[in-house]
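> Structure provided below as structure tokens; questions to follow.
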Number of protein chains: 4
Amino acid sequence: MIIVMKADLPPESPDLKQVLALAESYPGITTQVHRIQGATRSLTEVYLVGPTGVVPEAPFAEFECVEKVVRITQRFRSIGRHDGGLEAVGFEYNGVHISQDTFHVFPGLCAVDNRENVEKVFALLKRHGIVTTRAGAYKPRTSPYDFQGHGSSCLPFVFDLAGKYGIKIIAMEVTHESHIDEIRKALQESGNATGVMLQIGTRNAQNFELLKHVGQQTDLPVLFKRGMGVTLEESLNACEYIASGGNRRIVFCLRGVKTHLADPHRNFVDFAHVPVVKRLTRLPVCVDPSHSVGRRSAGPEGLLDIFHVTAQGVITGANLVLIDVHPKPESALCDGPQALLLEELPHFLEDVAISRRAYEERRKRASAPAAATA
Amino acid sequence: MIIVMKADLPPESPDLKQVLALAESYPGITTQVHRIQGATRSLTEVYLVGPTGVVPEAPFAEFECVEKVVRITQRFRSIGRHDGGLEAVGFEYNGVHISQDTFHVFPGLCAVDNRENVEKVFALLKRHGIVTTRAGAYKPRTSPYDFQGHGSSCLPFVFDLAGKYGIKIIAMEVTHESHIDEIRKALQESGNATGVMLQIGTRNAQNFELLKHVGQQTDLPVLFKRGMGVTLEESLNACEYIASGGNRRIVFCLRGVKTHLADPHRNFVDFAHVPVVKRLTRLPVCVDPSHSVGRRSAGPEGLLDIFHVTAQGVITGANLVLIDVHPKPESALCDGPQALLLEELPHFLEDVAISRRAYEERRKRASAPAAATA
Amino acid sequence: MIIVMKADLPPESPDLKQVLALAESYPGITTQVHRIQGATRSLTEVYLVGPTGVVPEAPFAEFECVEKVVRITQRFRSIGRHDGGLEAVGFEYNGVHISQDTFHVFPGLCAVDNRENVEKVFALLKRHGIVTTRAGAYKPRTSPYDFQGHGSSCLPFVFDLAGKYGIKIIAMEVTHESHIDEIRKALQESGNATGVMLQIGTRNAQNFELLKHVGQQTDLPVLFKRGMGVTLEESLNACEYIASGGNRRIVFCLRGVKTHLADPHRNFVDFAHVPVVKRLTRLPVCVDPSHSVGRRSAGPEGLLDIFHVTAQGVITGANLVLIDVHPKPESALCDGPQALLLEELPHFLEDVAISRRAYEERRKRASAPAAATA
Amino acid sequence: MIIVMKADLPPESPDLKQVLALAESYPGITTQVHRIQGATRSLTEVYLVGPTGVVPEAPFAEFECVEKVVRITQRFRSIGRHDGGLEAVGFEYNGVHISQDTFHVFPGLCAVDNRENVEKVFALLKRHGIVTTRAGAYKPRTSPYDFQGHGSSCLPFVFDLAGKYGIKIIAMEVTHESHIDEIRKALQESGNATGVMLQIGTRNAQNFELLKHVGQQTDLPVLFKRGMGVTLEESLNACEYIASGGNRRIVFCLRGVKTHLADPHRNFVDFAHVPVVKRLTRLPVCVDPSHSVGRRSAGPEGLLDIFHVTAQGVITGANLVLIDVHPKPESALCDGPQALLLEELPHFLEDVAISRRAYEERRKRASAPAAATA
């Protein structure tokens, strides 16, 4: 059971204390208070844990400070919307607000190769007013004989440059809990020049021990990539491992699924699930067109397939877009064939903006009174 | 080898005859002349059949009336673009022009049940200025004990009503060659009140005998639906069976593929292949959001998933949209759960228009000089 | 409702007439009598069609001549076992008995190329006492530009040679109803030198019009190949189209399914479904190792993968085995890479015999009293 | 490059030292010596690491003590057979020899629930002379709210009971490196009463950090389960992560793959890949029929599908069989529906023995001179 308090309730509100006291007066019930800082207001939710089946709703609903009481279902207990009972308020990290309503592009290097290339990319982002990026230091590769990423050794210069060019969030894959310690240490040594969103890759989507560990790092948000060969439901259950550990700042990322039917694309683009994830859960949704398409083919208009599938994600409400860029894709150490050239980024951003405007127009029209239409 | 003649060349042009004579002077070479009536001009292509490997290009290119000479590759011989060598000029049928540049919505009944419902739908289309629809008379169903469609018995009233309400094209599935005879007879008896586009369903996507037969019906265009469990390449090869028979008025329709990874959608939406089909072939591309999604769930904005995936198809350049509507979906004899209500159609059309405008803006921007962007 | 009569009841039995009269005395009920000639006895089943829900069982069960009364479920109405209520008695064709208990190997040419090769194969079969084969005259191919089979032109010499070498059944794919007429005519012209089992290929597994047509050819048995991209349930439902048309002499053939997970095999071997089909339906089960594996790789023992997957089918009770052989695989016009050499057939047959003996031992042990085992 | 020494070469052989010295005399080349204790002899292999392209073979082949020199290909560098160049000698652990020639059944509890059930199972195994089992202490579950296994707390009684009943190897899944420390500690505290084979589950098949860690535990063998949604090639590459770390005592386990085409089985049985893995690599192959089938349905002979698919694995040469048993499946905390009853185990073992004998007969026949067959 979740008791949603009215917006902007102060943490020290005596009303809140009364609600907690009442809840804990029921046998076996304990409480957890979650405060969520949204863009324009703060939200407080009280979670009742234990045998809530016998706890009545009415006594709580009568409080002046309570907005509503939501009985949660077993399915997606922590991340779910529970049949629309809960809003998707999102979260703020390092000054950037991310929710099911916001929109950010994360252009960046799939794998960090050298300082020069990182600087070229970050400088370009600054020119375009972008404060969010991706940068891979730890790369899980199919074969142990492939380049595995520079690991912690590249973190100092990546974070320094991020600070220099005003980058606020770097999405960075981790494949072992020690990577998080290394990242936190390097962030600290950089004077917290930037922020990191921990990325869980598709190969670790059911590495539950890593998910539990990430679930305890409540200072860092998480970008969770859908598992390749598992259902959407199983991937959302995996997110529950993170959320039930305490870390609710999770973004769900669609990146295509593996099947021969995807051909000639590398993976089968699954962005039709953007509205599904937004309906079932409170999580903001990211799309990763680079890994989905995996190649630079273009349609007859001259638009790359990567542009096209991005448009498909954005026009249906995707909140984040990861996009691989590289100054010299042909010399990239990993996934070069799917990276945009730096000079293609401006066109990409314009193209994305068209799709985002179309989404906003669609959303506005959807909520308009339908009086004139029948 | 294909010799593309300059636009608007008269069929009786003496130049054309000279080109044909020259071609046939090479040993073993025969010719086929294809005239394609586009929206603004007519196009003539001369196909050289036989051992063209030894036929030189230069003597043809020198003719005043020849625009270009294209060597065709083995892959997608009849429908292919041959590395961009051929334009996708499309075709005209019953006054409606369909190509990779045009856009039409085909709202209609998945299965015709009675005259009253057909009239309700056609009247609604007329109010919205729509002259294209779908109507199922022959329904292939998983079980022989399910409703199989009214067959030829419903054709007279469907065609009469089509004439009454100004419908120009009805997309109608056929599963046996005799259905085509029945359709042609009923059309004639209706005084050709309307036109029919023969639809090949996903279950018959590799029914090559039916494809060959349809390939000979050069008076009727064909809507070919991708096979469920086969690759895109195999589906395009199946279209070659139609085209190599002589009927080149083919529309390729994406309708989702079957895999457990689609869940909770009925099929895995494959509209990321819209630009792929347009790049590889000259075929206009249709999307079928109703059969892809298969249910009426809505995202948090209040927009049905069916609207969302339609937007994904349209913003990437889909040329046709099939969409199931029904006056009373709960009483539909087939696929009711995926049909829009009649009163939802206006909102659907507005939503589609937003996506189409966005596509047109994207396309315009793509072809604009990129000077200012780097 | 099905009334199973005691074995070897004469067709003209007055008892049977009484049963029929009683059945038809219920409102709206009609009857169909099916006689099945098994290896050692004949079986008679009376099908009650119509509103059987209100027909009681007791009055029928009381007849001396009635063995049992089985209420059929909706699922797999004609081919089902109805929770074990019905035995799988199988059928006899041209002197060969085929059931869930029998075992036959069908070695043969995937595609007939010339008389010489057909004769080589049939002569080899005769030396091994084999009277069942496969021979492809009509070949559905992915591309219209591939060899499509010799069609009706090869039937005369195939049937003549079959007669000469004592072949009783040829499994032969048909892709259009006209092929059946051609086959029947050629059989007649050969003086019915042999018999044909009509094969429905995987690409036509949901070509319901062809299935209905084949369902009416009650003189010829049918070999139905599972559809590539559809579930087992959907494929069994497709068999219902054949059976509900009247032709119950159906063999269900597993031939692998298409997925990238099959690699390095051509298709994903699905022979784990052998016991499933035998449990759910009355149909004998065939396996097609050649099309499943699609290549000639061998394991470290020197046994081809084709031998191995055959063993997997046979040890779990497969009743038929289709196996491609060719005198010169490298010159075969279709699927050469998967054909056994003629000189490999003897070893194959010995290998198969080991697996069949193991299956029989397993089955015997299963039905033995389990007293000593706990 | 691998230099295979003649069998039973003593580790201190001066000849070996000469070979090493010669190898290291080439620029940039270092050596690794691997000794493999087989059932009847020991094998020594010298691996040359570095730029071996310029190292000639002849000088090594001339040594008396050298059996052969094998150039290794990039593919499956550590585990591969390199086109048959290397034998699959297997390994010995805690007195049990496991190789591509041996055969062992591992019946056991999917998840350890209590001491009583563990004792019942181990006592049964002892009565049947079985010294190998499975026992799950750490269970990765789709949802965080499902039973996650008793973890380290059950290890003491599991290991004590193993010692009491003569169990030599317990296959036990680990999902975090700390589990290995816990296992090793508990083994030590039990006086090394038994041995443990570390199991990597399908969800961690591409958890490369865990694989690398397991690769360093050279005292414990590893059972690697194929990944669910990835190709066989990708799963074999994942094994390379283990082997390249130094641990070459790896068993590859097939356990079915996830696709809707598997229905009504839980997973699609992939045991047709048994001979493929044995051909491509030196790894012994295990099959897991319980997780593949996932239910207790039986064929018409009264044999469970689990028995049938086991037979399919064994008759094609599987070396290990994992099989879930439980005293009371209906009260099992995990995967009860797929467990055999204890009283079914004797029949299962007899059934398996039939299949194994059939495999041995097939193998013997394969290697016999084929003189009489053509």
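> Output the 0 to 90 degree angle, nearest 10, between the alpha-carbon long axis of helix A:305-315 and the longest principal axis computed from the alpha carbons of chain A.
Compared with the principal axis, the helix lies near 20 degrees.
> Using DSSP to define loop residues, name the GluC sites (Glu not before Pro) in region D:34-105 whose beta-carbon has at most 15 other beta-carbon atoms within 10 Å.
Hits after loop and neighbour filter: D:GLU57, D:GLU62, D:GLU64.
> Quick check: from the Cα gyration tensor, does the protein assembly as shown come out rounded (a/c under 1.5), prolate or oblate?
rounded
> Determine the calculated [θ] at 222 nm for chain B from helices alone, applying -39500 (n - 2.57) to every DSSP H run no shorter than 4 residues and normalising by the residue count; nearest 500 deg cm²/dmol.
On the way: 11 runs with 119 residues, N = 374.
Result for chain B: -9500 deg cm²/dmol, rounded to the nearest 500.
> Compute the helix-to-body angle for C:14-24: its Cα long axis versus the longest principal axis of chain C, expressed 0 to 90° and rounded to tens.
Approximately 80 degrees, to the nearest 10.
> Same structure again: Of C:LYS68/C:LYS212; D:LYS225/D:LYS278; B:LYS225/B:LYS258; B:LYS258/D:LYS258, which sit over 20 Å apart, Cα to Cα?
C:LYS68/C:LYS212
> Starting at 0 and stepping by 10 Å, how many percent of the alpha carbon pairs of region A:1-122 end up in each bin?
Percent of pairs per bin, in order: 11, 35, 26, 12, 10, 5, 0.
> About its Cα centre, how strong a charge dipole does region C:38-186 have in debye, to the nearest 20, once Lys and Arg get +1 and Asp and Glu get -1 at the Cβ?
480 debye
> Here is a follow-up. Could you work out the relative contact order of chain D? I mean the mean sequence separation of Cα pairs under 8 Å and 6+ apart, divided by the number of residues, in percent.
14 percent
> Quick one: grab Rg to one decimal and Dmax as a whole number for region B:286-336, Cα atoms only, in Å.
So, for region B:286-336, Rg and Dmax equal 11.6, 34 Å respectively.
> Oh, and also: Pull the list of chain A cysteines that no other Cys approaches to under 4.7 Å, Cβ to Cβ.
Lacking a cysteine Cβ partner under 4.7 Å: A:CYS65, A:CYS110, A:CYS154, A:CYS239, A:CYS334.
> List the aspartates and glutamates whose alpha-carbon lies under 17 Å from that of D:LYS164, not counting same-chain residues fewer than 8 positions away?
D:GLU116, D:GLU119, D:GLU189
> Copy-to-copy spacing for C:SER42, label 7 Å out on the Cα-to-C-beta vector, in nm, shortest first?
In ascending order, 7.0, 7.6, 9.0 nm.
> Cα axis of helix D:345-367 to longest principal axis of chain D: angle in degrees, 0 to 90, nearest 10?
30 degrees
> Does region C:110-162 classify as rounded, prolate or oblate by the C-alpha gyration tensor (a ≥ b ≥ c root eigenvalues; a/c under 1.5 gives rounded; else a/b over b/c gives prolate, otherwise oblate)?
Prolate shape, in that a/c is at least 1.5 and a/b is the bigger ratio.
> Additional query: Using the eigenvalues of the Cα gyration tensor, what equivalent ellipsoid semi-axes result for region C:100-259 when each is taken as the square root of five times the eigenvalue, whole Å, largest first?
25, 17, 16
> Any idea what the B:ALA21 label distances to the other copies are, label 7 Å down the Cα→Cβ vector, nm, shortest first?
B:ALA21 label point versus its equivalents elsewhere: 8.8, 9.0, 10.9 nm.
> When the dipole is taken about the Cα centre of chain A, and only Lys, Arg (+1) and Asp, Glu (-1) are charged at their Cβ, what size is it in debye, to the nearest 20?
With only Lys, Arg, Asp and Glu charged at Cβ, the dipole is about 360 debye.
> A follow-up question, please. Under the definition of Cα pairs under 8 Å and six or more residues apart, what whole-number percent is the relative contact order of region A:230-374?
On the way: 194 pairs, mean separation 25.8, N = 145.
Computed value for region A:230-374: 18 percent relative contact order.
> Find which of A:HIS82, A:HIS104, A:LEU20 sits farthest along the positive direction of the dipole of region A:1-135, computed with +1 on the beta-carbon of Lys and Arg, -1 on that of Asp and Glu, about the Cα centre.
Final value for the positive-end residue is A:HIS104.
> Dipole size in debye (nearest 20) for the protein assembly as shown around its Cα centre, Lys and Arg Cβ +1, Asp and Glu Cβ -1? Intermediate results must be reported in sequence, preceding the final value.
Working: 164 positive and 168 negative charges, 1 e Å.
Dipole size: approximately 0 debye.
> Does region A:139-225 come out rounded, prolate or oblate by the C-alpha gyration tensor, with a ≥ b ≥ c the root eigenvalues, rounded set by a/c under 1.5 and, if not, prolate when a/b is larger than b/c and oblate if not?
Details: a/c = 2.03, a/b = 1.34, b/c = 1.51.
Because a/c hits 1.5 or more and a/b fails to exceed b/c, region A:139-225 counts as oblate.
> At each listed q (0.26, 0.29, 0.32 Å⁻¹), what is the log10 of I(q)/I(0) that the Debye formula gives for region D:188-232 modelled as equal alpha-carbon point scatterers?
After summing over all Cα pairs, the log10 values are -0.95, -1.06, -1.16.
> Let me ask you something else. Under 19 Å Cα to Cα from B:LYS168, which lysines show up? Leave out anything in the same chain fewer than 8 places away.
B:LYS120, B:LYS126, B:LYS185
> Show which aspartates and glutamates lie in cross-link reach of C:LYS17 when reach means a straight Cα distance below 14 angstrom and same-chain residues fewer than eight apart are skipped.
Those aspartates and glutamates meeting the cut-off are C:GLU45, C:GLU64.
> From Cα pairs below 8 angstrom and at least 6 apart in sequence, can you work out the relative contact order of region C:294-374, rounded to a whole percent?
That works out to 30 percent.
> Chain B: longest stretch without exposed chymotrypsin sites (Phe, Trp or Tyr not before Pro) (DSSP loop, at most 15 other Cβ within 10 Å), sites themselves excluded?
Longest gap between qualifying sites, sites excluded: B:148-374.
> State the residue of chain A whose Cβ is nearest the axis carrying A onto C, and the distance in whole angstrom.
A:HIS260, 2
> Against the empirical 2.2 N^0.38 Å scaling, what ratio does the C-alpha Rg of chain A come to?
Dividing the Cα radius of gyration by 2.2 N^0.38 Å gives 1.03.
> Kindly put B:VAL352, C:VAL277 in sequence by how many other C-beta atoms sit within 10 Å of each C-beta, fewest to most. Don't skip to the answer; put the middle values down first.
Working: B:VAL352 22, C:VAL277 26.
So the residues, fewest neighbours to most, are B:VAL352, C:VAL277.
Read the figures in this text as sums done on the coordinates, not as results from a lab. On a predicted model such as this, the values are computed, not experimentally measured, just so you know. Positions of Cβ are backbone-derived with ideal geometry, glycine not excepted, and every protein chain shown enters the neighbour counts.
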